[in-house]
Amino acid sequence: MSRLKAMHTPVFWAEGHPGPLPSANWQVRIAGLVERPLTLTYEEIIARPKTIADARLTSVSGWTVRGKWGGVRFSDLFAEVGVSPQAAYVQFTSYRGIYTTCIPLEVALRERTLLAYEFDGEPLEADYGGPVRVFCPYLWGYKSAKSLVAVTLVAHSIPGYWEVRGYPDDAQIRAGRVHDVNSHRWRHIPDGEVIAFLD
Ligand SMILES: Nc1nc2c(c(=O)[nH]1)N[C@H]1C(S)=C(S)[C@@H](COP(=O)(O)O)O[C@H]1N2
Ligand SMILES: [Mo]
């Protein structure tokens with residue numbers, strides 16, 4: 001059993017569970033306002049330099065989970081494709097195209113925003129967005145699109161699945177009480193990325 005599952009990390013699929021998603025034949029398309037659009041296979045993603053972010057995914061629904069998220073920095077991928085000057089936001093699209101979300105380019109370029117494929121050294125399973133997902137600890141979890149198939153550089157923010165249903169587009173993490181999945185305790189968090197690791 002995976003670490004995420006063993007800790008009873010909640011599994012969210014607003015669009016319905018996609019079923020098993022094999023990494024073979026998985027592709028992520030990076031396009032939009034870029035100079036050299038790129039399609040990466042799973043093998044090409046995991047062959048790139050890996051960054052490990054010891055950080056938390058924190059949901060607006062009131063829980064937070066810490067672990068070592070492994071993946072490729074979006075800043076590395078964007079250096080490779082060449083971002084056009086008009087690009088200001090990054091839209092993420094999940095498998096089947098129903099779940100989308102958008103973050104500022106500036107947040108996508110931060111060091112812990114990853115095209116993630118591992119948690120605590122284990123490959124991400126389909127429940128938790130495998131084979132590859134967004135991991136962005138700076139904003140509420142609904143920006144961390146699972147089972148990612150497309151990354152599109154755009155000039156203006158495009159409201160996604162939860163944003164059109166009323167969640168704030170800026171997704172700033174706000175102070176409040178959250179359930180810490182790691183310690184099974186309720187904790188108070190301040191505004192911003194949850195970096196006090198609560199343990
Ligand atoms: N495709 C897809 N990605 C998604 C979601 C979803 O419903 N569908 N839920 C989001 C929300 S609200 C959160 S908090 C995290 C939860 O990640 P987990 O289900 O792996 O715990 O995934 C985000 N990414
Ligand atoms: Mo969430």
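Observations on the model:
- Gly141 being within 15 Å of Arg56 (Cα to Cα), at pLDDT 95 or above and under 12 Å from the mean Cα position of the chain (by Cα): yes
- Members of the stretch 173-191 that are surrounded by fewer than 13 Cβ atoms within 10 Å (Cβ to Cβ) and free of Cβ contacts under 8 Å to residues at least 60 places away in the same chain: Arg174, Ala175, His184, Arg185, Trp186, His188, Pro190, Asp191
- The set of residues from the stretch 79-114 being in a strand (DSSP E or B) and β-branched (Val, Ile, Thr) comprises Val83, Val90, Thr93, Thr100, Thr101, Ile103.
- Set side by side, the residues Val83, Val107, Val90 differ, and just one is under 22 Å from Arg66 (Cα atoms), of a type outside the set (Ser, Thr, Tyr) and more than 10 Å from ligand 1 (Cβ to nearest atom), which is Val107.
- Residues in the stretch 10-53 that are assigned to a strand (DSSP E or B) and surrounded by fewer than 13 Cβ atoms within 10 Å (Cβ to Cβ): Thr39 only.
- Filter result for the condition that a residue is within 15 Å of the chain's Cα centre (by Cα) and away from ligand 2 (no atom under 13 Å from the Cβ), over Val154, Val164, Val134, Val90: Val90
The values are calculated or read from the model by the stated rules, or taken from the named source; none is laboratory data. Just so it is clear, the model here is predicted, and its values are computed rather than measured. Positions of Cβ are backbone-derived with ideal geometry, glycine not excepted, and every protein chain shown enters the neighbour counts.
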